[in-house]
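Each remark here refers to the structure printed beneath this line.
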Amino acid sequence: RLFKNPFDLAEAIVDVLEDRLIARLNQLEPKPFGLATGRTMEPIYQALVSRLRAWPMQDLQKLREGWSSFNLDEYLGLSKIDKESFSSYMDRHLGTPLELAPDKLLIPDRCSDDPAKEADLYIKHLKSLGGLSFQLLGLGMNGHIGFNEPPCSSDVPCRVVDLSLSTRQQNAFSFRGELSRVPTHAITLGLSEILLAEEVHLVVTGEAKSQILYSFLHEPISELLPASWLRHHKNLFVWADYSAFSKVSLVKDMS
Ligand code: GLP
């Protein structure tokens, strides 16, 4: 679906998320859902918080109690107090404003002594709860999703990964632009777990993403473009704004 700007897009996707969250209230054992970080998600979380805070208190309380989300990824090598971690991001954007208990808003432990074991425990926990219902995703400038960097096959599991220079440059904005402070490793859910989600919502906004969105839509599915595996998913929704779509429409106009 296509929107004029990220704010209109946020309201529309929050209509869907709200609908899914209402449905969970009435399910006996609702599955967890998957959340992402990054600038793309900020207007979405802002709109979601306003929407949910307007719910009747009783429903909001029920939502808090039943909340169960797994974040896609987390840096390694940051301390508990580092504000740049994805855990701090989630706390700022959702945890604190919605008063969610930290054990309901799950994310890999960035301080684990044994990151490989942490990745393993994280995925075992997710699987024990039945896997993901819906998954929100942003798109990396090199086509990564989560921190599944190219080249990446469709069957990789949750694991520890090296971050590419392009991804560290993309994310340096959160580290006051200092590339040397951006971690070199992370834990990420793998394509295998993402592709098993019941619904996948890929969100792409801003002109800087227009080239990669074009590639995502038009290039062959391959390891060189990790997001392209999503095109095999039966329930994939792509949400874009006009700026991100500009290259796609430009090429169409010229052809
Ligand atoms: C980051 C994260 C992803 C995020 C994506 C897009 O590196 N690992 O989870 O969705 O890249 O980030 P942004 O929205 O800031 O462009």
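Here are a few things to note about the model shown:
- Formal net charge of residues neighbouring ALA172 (Cβ-Cβ distance under 15 Å; K, R +1; D, E -1): +2
- Between GLY140, GLY206, GLY34, the Gaussian network model of the chain with springs among Cα atoms under 10 angstrom shows the greatest mean-square fluctuation at GLY206.
- Accessible area per residue in Å² at 1.4 Å probe, computed on the stretch 1-141: 49 Å²
- Highest-first arrangement of 233-246, 189-202, where packing means the average Cβ count within 10 Å: 189-202, 233-246
- Under the convention that each Lys and Arg Cβ holds +1 and each Asp and Glu Cβ holds -1, the size of the dipole of the chain around its Cα centre is about 300 debye.
- Relative contact order (percent, whole number), the chain, Cα cutoff 8 Å, 6+ residue spacing: 23 percent
- Förster radius 25 Å - calculated FRET efficiency between GLN58 and ARG92 (Cβ-Cβ, nearest 0.05): 0.40
- Three-way shape label, the chain, alpha-carbon gyration tensor, a/c 1.5: rounded
- Two-decimal log10 I(q)/I(0) for the stretch 92-189, as the Debye equation yields it once each C-alpha is a single scatterer, q = 0.17, 0.20, 0.24 Å⁻¹: -0.96, -1.28, -1.44
- Helical mean residue ellipticity (222 nm; -39500 (n - 2.57) per DSSP H run of 4+; nearest 500) of the chain: -11000 deg cm²/dmol
- Ordering LEU191, GLN135, ALA47 by Cα displacement along the dipole of the chain toward the positive end leaves ALA47 in first place; charges were set at the Cβ atoms of Lys, Arg (+1) and Asp, Glu (-1).
- Averaging the sequence gap over all C-alpha pairs within less than 8 Å and six or more residues apart, then dividing by the number of residues, gives the stretch 125-209 a relative contact order of 43 percent.
- Spin-label model distance (nm) - GLU198 vs LYS104, 7 Å beyond Cα toward Cβ: 1.9 nm
- The GNM of the chain, with springs linking C-alpha atoms under 10 angstrom apart, assigns the highest mean-square fluctuation among VAL49, VAL16, VAL203 to VAL16.
- Highest GNM mean-square fluctuation among SER153, SER128, SER222, for the chain modelled with Cα contacts below 10 Å: SER128.
- For the listed peptides 89-95, 101-107, 177-183, a ranking on the average number of other beta carbons within 10 Å per residue, highest first, reads 89-95, 101-107, 177-183.
- Computed over the stretch 18-127, the ratio Rg/Rh where both radii use C-alpha atoms and Rh is Kirkwood: 0.97
- For the chain, the share of accessible area belonging to carbon and sulfur comes to 54 percent (1.4 Å probe, ligands and nucleic acids excluded).
The values are calculated or read from the model by the stated rules, or taken from the named source; none is laboratory data. Note that this is a predicted model, so its numbers are computed, not measured. Cβ: placed from backbone, ideal geometry, glycine included. Neighbour counts: every protein chain shown. Just the protein is used for accessible areas: all its heavy atoms, side chains included, with ligands, DNA and RNA removed. Shrake-Rupley method; radii C 1.70, N 1.55, O 1.52, S 1.80 Å.
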